[in-house]
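The values are calculated or read from the model by the stated rules, or taken from the named source; none is laboratory data. What you see is a predicted model; the values in this text were computed from it and never measured. Neighbour counts are summed over all protein chains in view; Cβ atoms, including those assigned to glycine, are modelled from backbone coordinates with ideal geometry. Side chains included, ligands, DNA and RNA excluded: accessible areas come from the protein's heavy atoms. Shrake-Rupley method; radii C 1.70, N 1.55, O 1.52, S 1.80 Å.
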Amino acid sequence: MPWSLTVGKIAGTAIRIHVTFLLFLIWIWAAYYREGGADAAWQGVIFVASLFFCVLLHELGHVFAAKRYGVNTPDITLWPFGGIANLERIPEKPSEELVVAIAGPLVSIAIALSLLLLLGATVDPAALMKIEDPKVELVAKLAGANIFLVLFNMIPAFPMDGGRVLRALLAIKLGFARATELAASIGQGLAIALGLIGIFTNPMLVIIAVFVFLAASGEAVHAQLHHVARGALVADAMITKFDSLGPQSSVRDAVEELIRTTQKEFPVVDGGGRLRGVLTRDAMIRALQQRGPDTPVIEVMDSDVPTLPARANLEAALKALTEQGKPAIGVTDADGRLVGLLTTENLGEMMMVRSARARSGFGPWGRAAT
Ligand SMILES: [Zn+2]
């Protein structure tokens with residue numbers, strides 16, 4: 001994610017801070033400085049650092065809960081009032097997703113309770129609204145911030161924890177795909193309501209609403225893609241009509257192919273029919289600008305392209321495409337020769353076809369399949 005800095009790594013998970021966290025730090029520092037000078041300003045920095053630590057613990061709650069189900073988390077990004085734990089996949093069972101989603105808020109509740117009980121902080125709802133005021137006691141402010149973290153995260157909309165809890169609960173009865181669709185619609189409905197309220201009260205709410213709306217749509221598309229992939233084979237989705245380049249081809253040959261066809265990714269195949277790499281349109285244009293048309297494609301292609309047998313599960317292919325960020329996947333026959341290609345674009349097309357068929361009730365993937 002752009003606009004965030006990686007600050008460390010815990011149990012294999014990169015910890016990132018979003019730039020808004022630093023803006024928040026500057027804002028608090030300035031507000032405290034104006035009220036109480038340098039001493040107060042540093043108090044403010046301590047508050048933000050403690051808040052950072054609380055958000056981190058919340059996210060680690062998700063990370064360790066997911067680990068229990070064998071799901072790793074490559075990175076987490078921390079925002080001032082919450083974080084996003086980027087799980088490599090969603091746990092299979094709804095009950096597992098429920099546990100993972102609830103683990104973060106439970107950590108925040110535990111922090112708030114211990115601050116209240118052990119340190120004797122008082123909860124003053126008004127203190128929540130005055131985080132920029134240095135006169136409000138640090139412990140009370142932190143307790144308040146953690147309660148806010150729980151309430152905000154339990155809004156039943158993606159990407160908030162509440163959205164995941166809602167989906168997991170719906171999925172127990174409706175299945176994963178339908179539950180995601182419904183949870184995303186509820187989230188978008190809430191975002192619109194939030195935005196309308198924001199227009200009349202607080203412009204910050206409008207920004208949050210737009211963010212929630214977009215995130216809810218993204219989640220729905222992602223879930224649909226996985227649903228389509230489940231139970232299908234690579235052979236069902238691959239492109240079988242495509243042009244390929246030879247190991248001796250130059251960038252000039254590649255550009256001719258690019259113009260002549262609608263293809264954007266060109267496999268480079270040797271005499272034995274084996275995939276040596278894939279040349280993308282972007283790499284081609286870059287090579288043309290920087291190294292000229294006579295450059296051999298073999299020097300500018302992506303030579304680390306995964307291959308899968310045609311009988312492999314489509315979900316494995318989707319995983320390789322999305323997680324490794326590869327332009328395409330080579331599909332091979334039993335002898336290891338290239339017989340097809342899979343790209344994110346043609347997977348998207350397959351998704352459209354399948355969902356149209358599912359809605360109409362026609363075809364081999366009729367209503368019963370969804
Ligand atoms: Zn959370």
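Just subtract the alpha-carbon distance of E137 and I207 from 0.36 nm times their residue separation and send over the number in nm, one decimal.
Additional length available on full extension: 22.3 nm.
Anything in the chain that counts as a DSSP H helix reaching 30 Å or more along its axis (C-alpha) with Kyte-Doolittle mean of at least -0.5? List them, would you?
Helices meeting the span and hydropathy rule in the chain are 19-68, 94-118, 176-200, 203-229.
If you count the DSSP beta bridges with both ends in the chain, what percent of them are antiparallel, to the nearest 5?
Antiparallel: roughly 75 percent of the beta bridges in the chain.
Rank these residues by their accessible area, most exposed first, probe 1.4 Å: M160, M204.
Descending accessible area places them as M204, M160.
Would you calculate the separation in nanometres between label points at R178 and W27, each defined as 7 Å from the Cα along the Cα-to-beta-carbon direction?
The two pseudo-label positions are separated by 4.3 nm.
Note down the nm distance, to one decimal, between modelled labels 7 Å out along Cα→Cβ at A334 and at V19.
Here the modelled spin labels are 5.6 nm apart.
Please report the spacing between the Cα centers of region 235-262 and region 153-174 in Å, no decimals.
44
Across all directions of projection, what mean area in square nanometres is found for the Cα convex hull of the chain?
Projected over every direction and averaged, the Cα hull of the chain covers 23.7 nm².
What is the gain in length, in nm to one decimal, between L196 and Q324 on full extension, counting 0.36 nm per residue of separation less the C-alpha to C-alpha distance?
In short, 42.2 nm is gained.
Would you compute, from DSSP H runs of 4+ residues alone, the mean residue ellipticity of the chain at 222 nm, taking -39500 (n - 2.57) per run and dividing by the full residue count, rounded to the nearest 500?
Calculated mean residue ellipticity at 222 nm is -19500 deg cm²/dmol.
In region 1-93, with Lys and Arg counted as +1 and Asp and Glu as -1 at Cβ, which of these residues, A65, G82, F47, has the Cα nearest the positive end of the dipole, that is, farthest along it?
A65
Quick one: accessible area per residue over the chain, 1.4 Å probe, rounded to a whole number of Å²?
Value returned for the chain: 51 Å² of accessible area per residue.
Would you list which aspartates and glutamates come within 20 Å of K326, measuring only between C-alpha atoms, while excluding same-chain residues fewer than 8 positions from it?
Filter leaves D75, E88, D236, D243, E265, D282, E299, D302, D304, E315, E345, E349.
What nm distance separates the two modelled labels at I259 and A11, each placed 7 Å from Cα along Cα→Cβ?
5.7
Rounded to a whole number, what % of the accessible area of region 243-323 do carbon and sulfur atoms account for, probe 1.4 Å?
C and S atoms contribute 45 percent here.
How would T261, T201, T73 line up by accessible area, probe 1.4 Å, largest first?
Accessible-area ranking of T261, T201, T73, largest first: T201, T261, T73.
Using mean Cβ contacts within 10 Å as the protection proxy, how do 182-189, 167-174, 243-250 order, highest first?
182-189, 167-174, 243-250
Estimate the FRET efficiency between K93 and V353 by the formula 1/(1 + (r/R0)^6), using the beta-carbon distance for r and 30 Å for R0, to the nearest 0.05.
0.55
Amide H of T332: which non-local residues (sequence gap of 5 or more, or other chain) have their own amide H closer than 5 Å, using H built in the peptide plane?
Placed amide hydrogens put L308, A310, V339 under 5 Å from T332.
Rounded to the nearest 10 Å², what accessible area does S303 have for a 1.4 Å probe in the complete protein model?
Surface accessible to solvent at S303 totals approximately 80 Å².
About its Cα centre, how strong a charge dipole does the chain have in debye, to the nearest 20, once Lys and Arg get +1 and Asp and Glu get -1 at the Cβ?
That gives a dipole near 740 debye.
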